[in-house]
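Below you'll find the structure, written out as structure tokens, and then a few comments.
A short reminder: the numbers here are calculations on the coordinates, not readings from a lab. Since the structure is predicted, the reported quantities are computational estimates derived from the model, not experimental observations. A quick note on method: Cβ atoms are made from the backbone with ideal geometry, for glycine too, and the neighbour counts reach across all protein chains shown.
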Amino acid sequence: MNAIEAAGVHVTLGGQPIVRGVDLAVPTGQVLALLGANGSGKSTLVRALLGVVPHVSGTIRLLGAPLGPEVSWDRVGYVPQRMAAAGGVPTTALEVVVSGMLHGRRLRPPRDRRPRALAALDALGVAHLRDRRVQELSGGQQQRVLIARALVREPRLLVLDEPTSGIDLPTQRTFVDTLSRLRDTGTTVVVVLHEIGPFAPLIDRSVVLRHGRVVHDGPPPPARGEHGEAGHDHTHPHADPEPPTDGPDLTLEMTP
């Protein structure tokens, strides 16, 4: 079974086409890197696959079910690019991770929520921040809390949008080791990246987008510094920017 099946997906935001007729099938247990310059549609595509933004045409299935309430959302983890701006009721890092155990069918976290949340924070090296308000954390610390929130779900499908932004290299390697263990248990991973970097040993396949279309689907491209269109995935100053989006809420941004 494929963890993700998408056919003819089109997404329009602000009256502009962002994703144009993307077909994508991701087999269970595969680790896929989604690459492309800024404005290529990477983040918009993964948000559409999860129902965070609507698609105007095409079909999407996750974990064998059509996008919507039939999907086993409790087994889908999502790490957005950044946390919502500070404001509202103060929320601790531990509370954010516990929120990862909630979904449309579960309104209360399980009884073992605290040890599970602490273990997830510890895996990312931020257990000592458990009682700190996320509004007080650095961007890199917030990102590690978001990753812990996704991992605490023990997902069968894990989608990460530039998850290591603002995280130092040793922590990136620790995170990659954690993903490697998840892959060994059969978890499917889709990760949006500018450069493969420390993820290289983990990646089974890469898909490169340009102007909302797939221009490469196959083996990972050459590392940065090696030439070739498929590996031309670093940011360009002249790339068309994606439409601005609000930061994600502290709850999971997916269809319930």
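Working note: Debye formula, equal point scatterers on the alpha-carbon atoms of the stretch 127-192, no solvent; log10 I(q)/I(0) at q = 0.20, 0.27 Å⁻¹ is -0.84, -1.32.
Rounded to the nearest Hz, the phi-derived 3J(HN,Hα) couplings of the stretch 39-55 under the Karplus curve 6.51 cos²θ - 1.76 cosθ + 1.60 (θ = phi - 60°) are x, 7, x, 4, 5, 4, 4, 5, 5, 5, 4, 9, x, 6, 10, x, 9, where x marks glycine and proline.
Close amide H partners of Asn38, meaning residues 5 or more places away or on another chain with modelled amide H under 5 Å apart, are His236. Karplus-based coupling profile of the stretch 126-134, in residue order and whole Hz: 10, 4, 5, 9, 4, 9, 7, 6, 4, with θ = phi - 60° in 6.51 cos²θ - 1.76 cosθ + 1.60 and x standing for Gly or Pro.
If R₀ is 25 angstrom, what is the calculated FRET efficiency for the pair Arg205 and Gln16, using the beta carbon separation as r and rounding to 0.05?
Numbers: r = 29 Å, r/R0 = 1.14.
According to the calculation, E is roughly 0.30.
What's the exposure ranking of His128, His194, His55, going from fewest to most Cβ atoms within 10 Å? Don't jump to the answer; show the numbers that get you there.
Values: His128 10, His194 17, His55 22.
In increasing order of surrounding Cβ atoms, one gets His128, His194, His55.
Once both labels are positioned 7 Å from their Cα atoms along Cα-to-Cβ, the gap between Ser72 and Gln135 label points is 3.8 nm. Can you figure out the FRET efficiency of Glu195 with Arg108, using R₀ = 41 Å and their beta-carbon distance, to the nearest 0.05? Efficiency at R0 = 41 Å is approximately 0.50.
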